[in-house]
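The values are calculated or read from the model by the stated rules, or taken from the named source; none is laboratory data. All figures in this text were calculated on a predicted structure; none of them were measured in a lab. Cβ placement follows ideal geometry from the backbone for every residue including glycine, while neighbour counts extend to all protein chains displayed. To get the accessible areas, we keep the full protein, side chains included, count just its heavy atoms, and leave off ligands, DNA and RNA. Shrake-Rupley method; radii C 1.70, N 1.55, O 1.52, S 1.80 Å.
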Amino acid sequence: FTITVNPIPETDIIEDQIQNQFFSKYTDKRVDLTLKPYQQDFVDKARTPYQEFLLAAKCRAGKSVMVLSHILDKNHKVSLVVSRFKSPSQSWINDTKQFTVFQNMVTVSLADKDWVKQLSYWLNTDKQIILWSTVQGLVRKLDDLLNTTEVDLLVYDEAHIGDTSKQFLKVR
């Protein structure tokens, strides 16, 4: 057996290559997800064509699960999640790794030095890609991102905090 490992220090990519080479018949430890009625209602409503869609829900309502379910439902290849703060990133990462329904999704942080290589790798797979960045970090990398791939969906997480700032407006 040989495994070709790109010089990318990203463990998800190495794990994917090992999984495909040696363990493709094994299942991981993800759990099943049953959307709550209001979460399913969001996914159903978001099926209609839209330019903008506002999801306003209480804390702990599962907004990232709802949006990830929408991404899955619409079969978006590349989605970009942007926030003013770093803290929401963990929810997006954890949800893609926790639930069986999202097993075909990967998260790439634009804060990683090798994000372009990671993105390039995942674009050549059947994975749905969730790019994550703070708005400040994205503004610095916006041209590189736009020259690398087309983004199917732009999500502002915590948009009520700073959504009218120059940085949010530039991204938009």
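Using only the C-alpha atoms, the convex hull of segment 20-141 corresponds to 132 Å³ per residue. For Lys29, the lysines whose Cα falls under 18 Å of its own Cα, not counting residues fewer than eight places away in the same chain, are Lys97.
Computed from the C-beta positions of Gln90 and Asn147 and an R0 of 45 Å, the FRET efficiency is 0.95 to the nearest 0.05. Working from the Cα coordinates of segment 70-163, the gyration tensor eigenvalues give, after taking √(5λ), semi-axes of 19, 17, 12 Å in decreasing order.
Projecting the Cα positions of Gln40, Trp92, Tyr121 onto the charge dipole of segment 37-146 (unit charges on Cβ atoms of Lys, Arg, Asp and Glu, taken about the Cα centre) puts Trp92 furthest along the positive direction. Between the amide H of Val155 and those of Leu80, Val81, Val82, distances stay under 5 Å, these residues lying 5 or more places away or on another chain, with hydrogens modeled in the peptide plane. Solvent-accessible area assigned to carbon and sulfur over segment 72-119 amounts to 54 percent, based on a 1.4 Å probe. The three principal axes of the Cα atoms in segment 44-97 give end-to-end lengths of 30, 25, 19 Å, sorted in falling order. Near Met66: Cβ cut-off under 15 Å, other residues only, Lys/Arg at +1 and Asp/Glu at -1. The net charge is +1. Solvent-accessible area per residue in segment 62-140 equals 41 Å², computed with a 1.4 angstrom probe and all protein chains kept. Solvent-accessible surface (1.4 Å probe) assigned to Tyr50 amounts to roughly 70 Å².
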